[in-house]
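To keep things clear, I will list the structure first and then write my remarks on it.
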Number of protein chains: 2
Amino acid sequence: MKLYDMKMAPNPRRVRMFLAEKGLDIPMEQVDIQAGENLKPDYLAINPRGVVPTLVLDDGTVLDESIAICRYVEELHPEPNLFGKTPLERAQVESWQRRMEFEGMFNIAAAFRNTMPAYANRGSPGAGPATPQIPAMAERGLMMTRHWMNGLEARLSASPFIAGDRFTVADITAFICVDFAKWVGVRADDSHPSLKAWYQGIKARPSAAA
Amino acid sequence: MKLYDMKMAPNPRRVRMFLAEKGLDIPMEQVDIQAGENLKPDYLAINPRGVVPTLVLDDGTVLDESIAICRYVEELHPEPNLFGKTPLERAQVESWQRRMEFEGMFNIAAAFRNTMPAYANRGSPGAGPATPQIPAMAERGLMMTRHWMNGLEARLSASPFIAGDRFTVADITAFICVDFAKWVGVRADDSHPSLKAWYQGIKARPSAAA
C-alpha cells in the first residue's frame, strides 16, 4: 500500500491520524495541492479526480475519499474499533462523522477555498472546471463555521466524545476541523469550555501529531 | 420504527428506495420541508437539526443522515447486499456513494436552494442561522452539475453500475440525483447514451417508485 498525502491539508491528516490510532505505518508520498501538483499529469495518471489523499493497494487498485480509505483500514485492522461496534453505534458514528464533514469541514473549506489567493479559480477541490472564488460563499462558510463550533460546545458539554462515550472516527474529523478552522480565523474561545477540554484531550493522543 | 419523510424531497427518497430494495415497509409520517414544517417546534422536538429523513427507533433513539439510516437497515437486513460484500467492495461503494453526494447532490442542492423563492434565507438545509441565497453559488452548482453528469456518462460507458458490476446504494444516490437535477433544468441528452440506458434500467426497478 502507498498513501498519497499532503502534510498540511486536513483530509489527508484524517487518514494519517486514523492509521496512527491503528498503529500502522505505510509508505507515503507528498503531493503539494497548494502548488497544484494534484492537477498535473503525473498525479492525474494515478487519480484522475486529482484529490488527495489517495490510497494505492499492492495490486494497483486506487481508493480515494478519506472516509472510504479509513473504513477499508478498519476492516483489515479492526482494533481499536473506530467506526462503532454494534449496528446502532455504527449508524450513530456515521451520522456524527457526516455532520462534522457537512457542518464543519465543508463550511471551513468554503471559507478557505473562496478567499485564499492560491486557490483562485479553484473554488472546488480536485480536477474539474475552473470555479472562480465566490466571496459571499466564503462569508456564509465563516458564519456557518462559527455556528458549527457553538454546536460542538453544546454537544461536548453533554457527551465526552462526539459520537458518544468513546473516541471514534467522528472525533478525528471534528478535531482536524477545529484546527482547520484556525486557517479561516475561527477559534474556540471562552464560550467553548467543553470544546476546549475535549480538544486538549484529543491533542494529547500521539495520533494527533501524525 | 418510524420514518419522518417528505415524498417530494431527494434525501428521504433515498431511504424509501433503499427500504423497498430490502422489501421492508415501515410507518412513515410526512414533513413538508418546503412549507417549513421541519423548522417548527413539533418537528424540532423530534430532531433539533430539522433535517428530513429522520428514523425513530422503537426505544426512541433518533437517527438521521440518509446514508447512516441506510447503513443501519443494511446491518439488520443484510440481503440483498447494497453496501458491498468484501472490505474492498465496501470501500469502493462508499467512495462512489460519496462522490454522487458531493459532486451530484450537493451541486444540485446548491443550484436549487440558492434560487427557489421557497428557500429564501434557507440556503442551507435544516435548522440554523438564516442563510441568504447566493446567486453565484447557484450558478457554480449548475455548472458543476453538468460536469458531474458528463462524468457519469464516462463512468457508465465503462461500468454497468456506478460502483462496479452490480446495483448498490451508490446507484440509488446517483439515480435520485439525476431526477433531482431536472428541478434545476439539467437533463441527460443525446451526449449521454450510457447514462440514459442505466437510468432506464434503474427506473424499471419497483423500488424507483417508492
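Every number here is computed from the coordinates shown, using simple stated rules; none is lab data. Please read these numbers as outputs of a predicted model, since none were measured by experiment. FYI the Cβ positions are ideal-geometry reconstructions off the backbone, even for glycines, and counts take in every protein chain you see.
For A:K203 and B:R146, what is the calculated FRET efficiency with R₀ set at 45 Å and r taken between the beta-carbons, to the nearest 0.05?
0.60
Bridgeable aspartates and glutamates around A:K40 (alpha carbons under 13 Å apart, same-chain partners fewer than 8 residues away excluded): A:D32. In the assembly of identical copies, B:E139 has its label point, taken 7 Å from Cα in the direction of the beta carbon, separated from the corresponding points by 1.6 nm (ascending, one decimal).
Averaged over the residues of B:97-107, the number of partner chain Cβ atoms lying within 10 Å of the residue Cβ comes to 3. Taking 0.36 nm per residue of sequence separation and removing the Cα-Cα distance, the A:I26/A:S191 pair yields an extension gain of 55.4 nm.
Please say if the protein assembly as shown is rounded, prolate or oblate, where rounded means a/c under 1.5 for a ≥ b ≥ c the square roots of the C-alpha gyration tensor eigenvalues, and otherwise the choice is prolate for a/b larger than b/c and oblate otherwise?
Verdict is rounded for the protein assembly as shown.
Residues whose amide H comes within less than 5 Å of that of B:V31, counting only those at least five positions distant or on another chain, are B:D5, B:M6, B:K7 (H built at 1.01 Å from N in the peptide plane). A simple spin-label model places pseudo-atoms 7 Å from Cα toward Cβ; at B:T86 and A:K2 they are separated by 2.2 nm.
Give a quick list of trypsin sites (Lys or Arg not before Pro) in the stretch A:88-170 that DSSP marks as loop, anything other than H, G, I, E or B, with at most 15 other Cβ atoms within 10 Å. Before the final figure, lay out the partial values.
Details: sites: A:R90, A:R98, A:R99, A:R113, A:R122, A:R140, A:R146, A:R155, A:R166; in loops: A:R166.
Of the trypsin sites (Lys or Arg not before Pro), the ones in loops of the stretch A:88-170 whose Cβ has at most 15 other Cβ atoms within 10 Å are A:R166.
The two copies A and B are related by a rotation, and the chain A beta carbon nearest its axis, with distance in whole angstrom, is A:M137, 3.
Averaged over the residues of A:36-47, the number of partner chain Cβ atoms lying within 10 Å of the residue Cβ comes to 0. Once a ≥ b ≥ c are taken as the square roots of the eigenvalues of the Cα gyration tensor of the stretch B:50-209, is the result rounded (a/c under 1.5), prolate (a/b larger than b/c) or oblate (a/b not larger than b/c)? Note, shape of the stretch B:50-209 comes out oblate.
Work out which helices of chain A, taken as complete DSSP H runs, extend at least 20 Å along their axis over the Cα atoms and score a mean Kyte-Doolittle of 0.0 or more, then list them. Qualifying helices: A:169-182. Position A:S159: other-copy label points at 3.1 nm, ordered by increasing distance, label point 7 Å along Cα→C-beta.
Taking R0 as 60 Å, what FRET efficiency do you get between A:E79 and B:A120 from their Cβ-Cβ distance, rounded to the nearest 0.05? The computed FRET efficiency comes out at 0.75.
Classified by the C-alpha gyration tensor, the stretch A:1-109 has an oblate form. Its axis ratio a/c, with a ≥ b ≥ c, is 1.5 or above, and a/b does not exceed b/c. Each of A:L44 and B:T61 was given a label point 7 Å from its Cα along the Cα-to-Cβ line. The distance between the two points is 4.6 nm.
Distances between copies at B:L24, taken between label points 7 Å from Cα along the C-beta direction, are 2.9 nm in increasing order.
Ignoring lysines fewer than eight residues from B:K182 along the same chain, the ones with Cα atoms less than 18 angstrom from its Cα are B:K7, B:K196, B:K203. Each part gets one Cα centre, and for the stretch A:17-83 versus the stretch A:180-210 those centres are 24 Å apart.
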